[in-house]
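Colleague: Structure in structure tokens, see below.
The values are calculated or read from the model by the stated rules, or taken from the named source; none is laboratory data. Quantities reported herein were computed from a predicted structural model and do not represent experimental measurements. Cβ placement follows ideal geometry from the backbone for every residue including glycine, while neighbour counts extend to all protein chains displayed.
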């Protein structure tokens, strides 16, 4: 049987600027044989490498510890409308790249450059923003919640005529909600870094840029108290 006397729940949070952006992109090539499908990837890979090299010369930093490339090859399945089943037509080779950068001021330019690559079936995801020192932020949020929990408990004891020093912590639960705010496009919520303005076209000077926004690490702390004094 638990000796718990009462419980207190408190919320703590910390707000910080994102410091890292993760980019992911891929493209496909098709050929009757897997060897040929892989060979056709070469030109596209060279274009991606050249684009990244050009961005690096402009100041884009790429974290070498978080740069990944991958090639997958498999049957190319095509849906046959007449029979209602998938059939295999040759081989499909997919080249993908994922990398992280701390150069958030260049995210919009990097996304534009990568999304304009002339490769087959290009897929470029909007950058995902994150914080490398996540553990430190969680600790700050937990400290904030603990300060609030102690005040709430002391206030309850004062109101009810109890001595807070006669109680101690029996157990606790911690629940992090993670990041409440991700990346956004300034002004409106666009996934692209530019928007069509004025009826179809856009003025480059008025283009809407990608912004990282801010991170909110939120925590709920539940503390169970037990009486230890008279």
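Colleague: So, of the residues in the stretch 110-127 that are surrounded by 17 or more Cβ atoms within 10 Å (Cβ to Cβ) and in contact with a strand residue (DSSP E or B) (Cβ under 9 Å, 6 or more places away or on another chain), which turns out to be nearest to residue 10 (Cα to Cα)?
Modeller: 127
Colleague: Let me ask something additional. For the condition more than 20 Å from the chain's Cα centre (by Cα) and within 30 Å of residue 213 (Cβ to Cβ), what is the one hit in 21, 54, 37?
Modeller: The match here is 54.
Colleague: Residues 86, 70: which one is at pLDDT below 95 and either more than 18 Å from residue 22 (Cα to Cα) or assigned to a strand (DSSP E or B) (or both)?
Modeller: Selected residue: 86, the only one of 86, 70 that is at pLDDT below 95 and either more than 18 Å from residue 22 (Cα to Cα) or assigned to a strand (DSSP E or B) (or both).
Colleague: If only one of 114, 152, 139 is free of Cβ contacts under 8 Å to residues at least 60 places away in the same chain and in a helix (DSSP H, G or I), which one is it?
Modeller: On inspection, the qualifying residue turns out to be 139.
Colleague: Another one. Taking interchain pairs and intrachain pairs at least six residues apart, which have beta carbon atoms under 9 angstrom, with the first residue in the stretch 39-52 and in the same structural domain as residue 72 (by TED's automatic domain parsing) and the second assigned to a helix (DSSP H, G or I)?
Modeller: Final answer for the pair search is 48/114; 51/110; 51/113; 51/114; 52/110; 52/113; 52/114.
Colleague: Right, another one. Given the residues 90, 84, which is the only one that is out of contact with any helix residue (DSSP H, G or I) (no Cβ under 8 Å at 6 or more places or on another chain) and either touching a residue at least 12 places away in the same chain (Cβ under 8 Å) or surrounded by fewer than 18 Cβ atoms within 10 Å (Cβ to Cβ) (or both)?
Modeller: Answer to the check: 84.
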